[in-house]
Amino acid sequence: MKKYNFKKIMVCLFCTSLAFSTANAWEAEVAGGATGQSDATIRIGLNKGWDAKFWDSSVGYFSGYWSLGLTHWEKGKYGKNAASISFAPVFTYNFYTNNTIEPFIELGIGVSAFSKTKVGDKNLGSSFNFEDRIGFGARFGDHTLGIRAIHYSNAGIKSPNNGIESYSLYYSYKF
């Protein structure tokens, strides 16, 4: 039986974070949510904003961030808790407003590694999976509040490919 070691995972998160540039501020993120089968998920993460704006218009602009996350998955019918670590580039469309709140939508595709192949009530078939996300939220100063849906599956690389979703509310703080 495999056990995941949070100390090793946190060291990996720290070492990977060193690969990011230091020009833009970091964000610490925490998210709470549930799977499509109502099993709880808790995610902590580090985000690093990009230094660029693309297709800037009077309505808004495209930008993005790098996302590194660690998710705890509550046990489901398989009776074991699981963890995953993921990394994704996330593209955002940020809307200009006349006040201090900046709404945005986000889309991302990344990779993830799970501690088990059976997570919640799903058999993922592989510890390696892809992460697809969509969400929306708002930034106000150093704070961000949003909601997102993340889907994990192995894209048919290995059978079975019973993907799993996490629907969550998240908060991040820029430091």
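The set of residues from the range 126-175 being aromatic (Phe, Trp, Tyr) and over 14 Å from GLY45 (Cβ atoms) comprises PHE128, PHE130, PHE136, PHE140, TYR152, TYR167. If you go through the range 70-81 and keep only what is crowded, with 19+ Cβ neighbours inside 10 Å, within 21 Å of GLY108 (Cβ to Cβ) and either among the polar types (S, T, N, Q) or more than 10 Å from the chain's Cα centre (by Cα) (or both), you end up with THR71, TRP73. Of everything in the range 86-113 that is out of contact with any Phe, Trp or Tyr (no Cβ under 7 Å at 6 or more places or on another chain) and small (Gly, Ala, Ser), the residue that is nearest to GLY60 (Cα to Cα) is ALA88.
Among the residues of the range 15-53, those that are modelled with pLDDT under 90 and under 19 Å from LEU107 (Cα atoms) comprise ASP51, ALA52, LYS53. Within the range 83-100, the set of residues being at pLDDT below 95 and either out of contact with any strand residue (DSSP E or B) (no Cβ under 8 Å at 6 or more places or on another chain) or surrounded by 13 or more Cβ atoms within 10 Å (Cβ to Cβ) (or both) comprises ASN98, ASN99.
The values are calculated or read from the model by the stated rules, or taken from the named source; none is laboratory data. Please read these numbers as outputs of a predicted model, since none were measured by experiment. With ideal geometry, Cβ positions are generated from the backbone for all residues, glycine too; neighbour counts draw on all protein chains shown.
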